[in-house]
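Please treat every number below as a calculation from the coordinates, not as lab data. Everything numeric in this text was worked out from a predicted model, so none of it was measured. Here Cβ is always computed from backbone atoms with ideal geometry, including for glycine, and neighbour counts include all displayed protein chains.
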Amino acid sequence: MLANLLPGLRDVRAPLSTGCIWLLALWLILEDRVPRPRQAQGVWASLYRLGDLIGPAGVLAAGSFLAYLIGTMLTVRVVTVNAREAPKAARFRSGGTALTPRVSRLAYDDLVSFLRDQGRLPRPASEGTAAVDPERERGERLVVGLAVRDILGETRQLRTKLLIASYDLFNEYDRAVGEAEFRKNVAYALVGLTATLSWLQSPWWALLLLVSGRLYAAGVGSEQAANDVIVQAVVAGLITPLSLTGAAGVPAVPTGRSQ
């Protein structure tokens, strides 16, 4: 039963946590403008009366719901969830000739072998039989990077296929996505809280940015772990993206193509 509740808790954890942090920052800014109960009039007086009516537990529940709404509006989804953001899963450098996907080196190398087995990448030349061609290697890296981008761009569909193919592996992917969303969004919210405290109190509060940076780095690591699950599931043949079936995506590279 607990296992069934965990996915739902992960969906709530990120927006609720970030909403609480943003709500705290908003309170610090507006606290001086909120009238005391005896001085309250109009809407403020109505809110105080409502608070007395529902009690502390009701106020806590209402505050939690408000924090959740704020967090839901401000939560940033990780790139593996939204296909329209798939290009962000790979960072272009050097004018677009080199592409570094957010996957581990192990998953990257496994995908290289997978694409070579499918004939989408030529086999490397044997040592001593041909000189290393930098342009060829750069082109191969670009093809692999584009393949990763296209695979991650289908994550919305592939995660459903993964759920059918392997429930345990899907749970591993879902856990990594949940951790990435939680850590990255809390990091964003802490930046806002740090800016508020630095403005209202002391610049020394800017040291909290170290915490934000550490959380963000951890979130990127979790996001990479989620991407690895998808890529490795493709390599293992558990799921098949359209980008590798000829319906869309990277065209095959003939192994006998002359350079």
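Sort 24-33, 184-193, 205-214, 157-166 by the packing proxy (mean of other Cβ within 10 Å over each peptide's residues), most packed first. Could the numbers behind the result be given before it?
On the way: 24-33: 11.9, 184-193: 21.5, 205-214: 13.7, 157-166: 16.7.
The most tightly packed comes first, giving 184-193, 157-166, 205-214, 24-33.
Can you compute log10 of I(q)/I(0) for the stretch 128-230 with the Debye formula, treating each Cα as one identical point scatterer, at q = 0.21 Å⁻¹?
Here the Debye-derived log intensity ratios amount to -1.00.
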